[in-house]
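Just below is one structure, and these are the notes that go with it.
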Amino acid sequence: MKLSKGFWQTFKETPTDAEIPSHQLMIRAGLIYKQSAGLFAYLPMGLRALQKVENIIRQEHAKADCYEIRASVITPAELWLESGRWDKMEGQMLKMKDRAGRELCVSPTAEEAFVDVFRKYVSSYKQLPVCLYQINTKFRDEIRPRYGVMRSREFIMKDAYSFHPNEESMHETYKKMYDVYSNIWNRMGLKYIVVDADGGTMASAGSRTQEFQVIADSGEDRVLHCPECGYAANIEAAEGKRVIEFSKTDKKIELVDTPDKKTMEEVCGFLKVDKKHSLKSVVYSAITGNDEKFVLVLLVGDDELNEIKLKTLMKCDHLRPALEGDLDKLQIPAGFLGPYKIDRKKIKVVYDKAIDLSASFVTGGLQKDKHYLHFVPNRDDKEIEVSDLRLSNAGDHCSKCKKGILKEIKGIEVGQIFELGDRYTKSMNVTILDQNGKAIHPLMGCYGIGTTRTVAAAIEQNNDADGIIWPVSIAPYHVHFVVISKNEDFIKMSYEIYDQLIHNGIEVVLDDRNVGPGFKFKDADLLGLPLRLTLGERDYAQDGMLEIRDRRSGKAKKIMKENLIQEIKEWLLQKQNDELKSARV
RNA sequence: CGGAGCGUAGCGCAGCUUGGUAGCGCAUCUGCUUUGGGAGCAGAGGGUCGUUGGUUCAAAUCCAAUCGCUCCGACCA
């Protein structure tokens, strides 16, 4: 690209609505343009980086015998009604009607569409396993889009779907895709961590799934990591064990006044008790269809509830915290909730398994301005149901090796791999014949990568005060060629060098604009291509050399015009190797 | 959806309290000068003040409604 003829504009000022570095830099460096909330246009520089990511993905998938297709982005309601997700994904889906009144939606994901393609063409175990993928636009009507393309409503995702005659084949492909995914981010030189995850509404409960998390302070995901054995999991799925010194007592349960003390902090502060010697009571409503059940969850005072665990326990479609109105209906005073003598007909009660049932706790009095002291669950409560419900936390003991202490890391989820099993083939009634001529539901795996999010994550991890620092593998171009001269002969020379670089396979941007050198250098730093090449009238007149400079290290070197191609190729190769080594955690 | 805030030129903002017919910096255009870290001088173009309605002799300014955007929360393969 010659900038004098190109389409590229940078901004000196940081846009007010951009919060995190990658979002600010993508706008300032002229990579993207926001057209509406959560909707972006990719400009030439941004699009090239995105295409680099996509091509790495294509190359790595090809190695694993995955074939690219492209399903339609708009899909008919029938497909979603078949799988039962037309209503389940309500809210996330952008639905519409065509002129005949048929209902359609913009795909938020494509399991149904791929199953639909699969069932048309595959009918025998002999055709399996097979893995198809696409790189295509998705739309999820996020309640709150934010952080630029990190959480946009329209985005581009690579989604792959594999089909299998049996579990063994499904496990095998899962493992293969794990390697494919690792190679992809390795090649980009990103620091990432693979973590155990929760399947959410995608997979059946308990099925295998892992997330690939690019490590970044601005990440929205919390990951727990054991430095001893390397165990890592999304905090939602993490298994940590809390070790607490509980307090024991022989004293009888006692009702005391706690006027206007409603929160844990207030009650424990007032009674001068550590929060871990009290029970936190939270009420949730579990909804399945028209059926609504209430559940009282008891946790150690300073623990948090893991809603996913509760949702699994309740086997419900939706879960929401109870509102004051619900509590009024149940005739329970908000702020003074507790298990002691509560009516089990109205509400289910579950103790978290971290609670020592023989220890003594402070708990709500079930009447206004009252709490109990010395509540001992297995002495004072007759019906006790225990389940694992707490959110694991940094500081927990690792459940895998029993030695390490879990640490928290923030991550950006750029990919997730699932073993789906027969969830979709069953609901959509897809069968193939096995060796015995028997009809079976094939098993599925699915594997997603946020391509647009990967670009943002790469910038999030590679930037400094001056701008972006692209990894070589996904940089929009390799070399930012700055010419400093007004002399026509020099401009002409820069065009010759530019052509020469292109002929040798080096992707180059030539800044031949009629602006000052400072302006060009600032722009080059902001865009952050791996190498900057400078042809300056002043220096060239002195020694006949050009300057080549590394954006990341700032290291610079003078080189003769004749050696340009070779030097640049060597630098790029060296940089790429260095980046490969720095990946993964 | 609940809470908060903001909509004035492409971008960043002032003006609004106390109504009098819109301004600054950057960007853009022209000319001259300037070329190793976002140049200087001189001039120019560009705004239904988000929209609609109301109050008023007069509304960017006051009132109401509405739309859009952002932040916090809930939501999230």
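Its Cα centre serving as origin, segment A:477-581 has a Cβ charge dipole (Lys and Arg +1, Asp and Glu -1) of approximately 400 debye.
Restriction of the GluC sites (Glu not before Pro) in segment A:152-235 to DSSP coil positions whose beta-carbon has at most 16 other beta-carbons within 10 angstrom yields A:Glu220, A:Glu228.
Residue-wise HN-Hα couplings along segment A:216-221, as the Karplus relation 6.51 cos²θ - 1.76 cosθ + 1.60 with θ = phi - 60° gives them from phi, are 7, 4, 7, x, 8, 9 Hz; Gly and Pro carry x.
Taking square-rooted eigenvalues a ≥ b ≥ c of the alpha carbon gyration tensor, is segment A:1-55 rounded, prolate or oblate, where a/c under 1.5 means rounded and, failing that, a/b exceeding b/c means prolate?
Note, shape of segment A:1-55 comes out oblate.
Each residue, A:Asp369 and A:Lys492, gets one label point 7 Å from its Cα in the Cβ direction; the gap between the two is 9.6 nm. Taking every alpha-carbon pair under 8 Å whose residues sit at least 6 apart, chain A reaches a relative contact order of 18 percent.
Legend: P(r) of chain A from all alpha carbon pair distances, 10 Å bins from 0, whole percents, reading 3, 14, 20, 20, 18, 13, 7, 3, 1, 0. The simple spin-label model puts a point 7 Å past each Cα toward its Cβ; for A:Lys346 and A:Ile287 those points are separated by 2.1 nm. Along the axis of the charge dipole computed for segment A:441-507 (Cβ charges of +1 for Lys and Arg, -1 for Asp and Glu, origin at the Cα centre), the listed residues A:Gln500, A:Ser485, A:Ser473 are led at the positive end by A:Ser473. The residue among A:Ile565, A:Phe519, A:Asn577 whose Cα reaches farthest toward the positive pole of the charge dipole of segment A:512-585, with charges on the beta-carbon of Lys, Arg, Asp and Glu, is A:Asn577. If one computes P(r) from the Cα atoms of segment A:8-117, what percent of pairs lie at distances over 24 Å? Summing the P(r) of segment A:8-117 above 24 Å gives 51 percent of all pairs.
Would you mind working out the magnitude of the charge dipole of segment A:254-387 relative to its Cα centre, with +1 at each Lys and Arg C-beta and -1 at each Asp and Glu C-beta, to the nearest 20 Debye? Value, rounded to 20: 320 debye.
Look at the alpha carbon pairs under 8 Å that are at least 6 residues apart: their mean separation over the length of segment A:477-581 gives a relative contact order of 27 percent. Between amide H atoms placed 1.01 Å from N, distances below 5 Å from A:Asp141 occur with A:Met93, A:Leu94, all of them 5 or more places distant or on a separate chain. The residues neighbouring A:His503, those whose beta-carbon lies less than 14 Å from its own, together hold a net charge of -2 under the Lys/Arg +1, Asp/Glu -1 convention. Only Lys, Arg, Asp and Glu carry charge here, each on its Cβ (+1 for the first two, -1 for the last two); on that basis chain A has a dipole of about 200 debye about its Cα centre. Under a 5 Å amide H cut-off, with hydrogens placed 1.01 Å from N, A:Val482 pairs with A:Asp511, A:Leu533, A:Thr534, A:Leu535 among residues at least 5 apart or on other chains. For chain A, A:Cys105, A:Cys268, A:Cys316, A:Cys446 stand unpaired, since no other cysteine beta carbon lies under 4.7 Å from theirs.
Of the chymotrypsin sites (Phe, Trp or Tyr not before Pro) in segment A:5-59, which ones lie in a loop per DSSP and count no more than 16 other C-beta atoms within 10 Å?
Filter output for segment A:5-59: A:Phe7, A:Phe11.
Any idea how far the Cα center of segment A:376-400 sits from the one of segment A:224-292, in Å? For segment A:376-400 versus segment A:224-292, the Cα centre distance is 9 Å.
Sequentially through segment A:573-585, phi angles give Karplus couplings (6.51, -1.76, 1.60; θ = phi - 60°) of 4, 4, 4, 4, 5, 4, 5, 4, 5, 8, 6, 6, 10 Hz, Gly and Pro residues having no value and appearing as x. 3J(HN,Hα) couplings calculated from phi for segment A:146-151 with the Karplus curve 6.51 cos²θ - 1.76 cosθ + 1.60 (θ = phi - 60°) are, in sequence order, 7, 6, x, 7, 5, 9 Hz; Gly and Pro show x. Peptide packing: for A:418-425, A:468-475, A:450-457, the average count of neighbouring Cβ atoms within 10 Å per residue gives the ranking A:450-457, A:468-475, A:418-425, highest mean first.
What shape does segment A:254-387 have by the C-alpha gyration tensor, where a ≥ b ≥ c are the square roots of the eigenvalues, rounded means a/c under 1.5, and otherwise prolate means a/b greater than b/c and oblate the rest?
Note, shape of segment A:254-387 comes out prolate.
Hey, can you grab everything whose amide H is under 5 Å from the amide H of A:Ala216? Only 5+ residues off in sequence or another chain; H modelled, so Pro and N-termini drop out. Amide H neighbours of A:Ala216: A:Lys410, A:Gly411, A:Ile412. Applying the criteria of a DSSP loop state and at most 15 other Cβ atoms within 10 Å to the GluC sites (Glu not before Pro) of segment A:1-63 yields A:Glu13, A:Glu19.
Provide the percentage of antiparallel DSSP beta bridges, counting only those with both residues in chain A; round to the nearest 5. Close to 80 percent.
Values in this text are rule-based calculations from the coordinates and carry no lab data. These numbers were taken from a predicted model, which means no experiment stands behind them. We place every Cβ from the backbone using ideal geometry, glycine too, and count neighbours over all the protein chains shown.
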